[in-house]
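Novice: Below is the structure I would like to discuss, written out as structure tokens.
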Amino acid sequence: MDNIENDFVGKKPKSPKNKKTIIAVIVFIIGIATLVTGVVFLVLKLVQSPAIADGEYLISAKNWVLEGDSSCSTEEAETTDCTPGVIWDFTEIGKGTLTTNNHINDYDFIWALEDGKLKIETKWLYDLENEYEYTLNQSDGILTLTSGDETIVFKAVLETE
């Protein structure tokens, strides 16, 4: 029994104050680690090169084809090489051509991207002015235009295709 008493003599039991200090230090270390991680991601985001601008991406495609449009019937499409009827070609910033009948008639247009909208002025039989809200999915090459209840989807035809 004397040995047991001697083991406890002179030793203080751990106080709750030491536990609180340890917990506070652990929380502080986790906070610092989180802060450093956030700063690293912020710096990476700021120094990475920006994705190609929407206007430049529109031009980089050979042309834009109306999705689901073809000048051939479904049976013909399986046996022959069918070309789409509606094709938009953004030739340079602010200029382009379009066709609705597989290049029998081509029409010039001017275009601009402003505040999430694609504005197009077409030199048709008479001048047409259209404004669409647009979304451009550069990874899939899909341009979606909406105007009211109408949604139009174009697929990019790249030079390699």
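Novice: Expressed in nm to one decimal, what extension gain is obtained for the pair VAL39 and ILE52 from 0.36 nm per residue of sequence separation less their Cα-Cα distance? Don't skip to the end; give the middle numbers.
Specialist: Details: separation 13, 0.36 × 13 = 4.68 nm, distance 2.49 nm.
Result for the pair: 2.2 nm of gain on full extension.
Novice: Could you pull out the trypsin sites (Lys or Arg not before Pro) across segment 17-68 that fall in loop regions by DSSP (anything but H, G, I, E, B) with no more than 16 other Cβ atoms inside 10 Å?
Specialist: Working: sites: LYS17, LYS19, LYS20, LYS45, LYS62; in loops: LYS62.
For trypsin sites (Lys or Arg not before Pro) across segment 17-68 that sit outside H, G, I, E and B with at most 16 neighbouring Cβ atoms in 10 Å, the list reads LYS62.
Novice: Turning to a different aspect of this structure: Please work out how much length the chain gains when fully extended from LEU125 to ALA24, using 0.36 nm per residue of separation minus the C-alpha to C-alpha distance, in nm with one decimal. Walk me through the numbers before you get to the answer.
Specialist: Numbers: separation 101, 0.36 × 101 = 36.36 nm, distance 7.56 nm.
In short, 28.8 nm is gained.
Novice: How charged is the neighbourhood of ALA112? Take every other residue with its Cβ under 12 Å from the Cβ of ALA112, and add Lys/Arg as +1 and Asp/Glu as -1.
Specialist: Values: positive: LYS95, LYS117, LYS119; negative: ASP54, GLU114, ASP115, GLU121, GLU129, GLU131.
Around ALA112, the surrounding residues sum to -3.
Since every read-out is calculated from the coordinates, none of them should be taken as a lab result. Here the structure is a predicted model, which is why all the values come from computation and not from measurement. For neighbour counting, all protein chains shown are included, and Cβ atoms are generated from backbone atoms with ideal geometry for every residue, glycine included.
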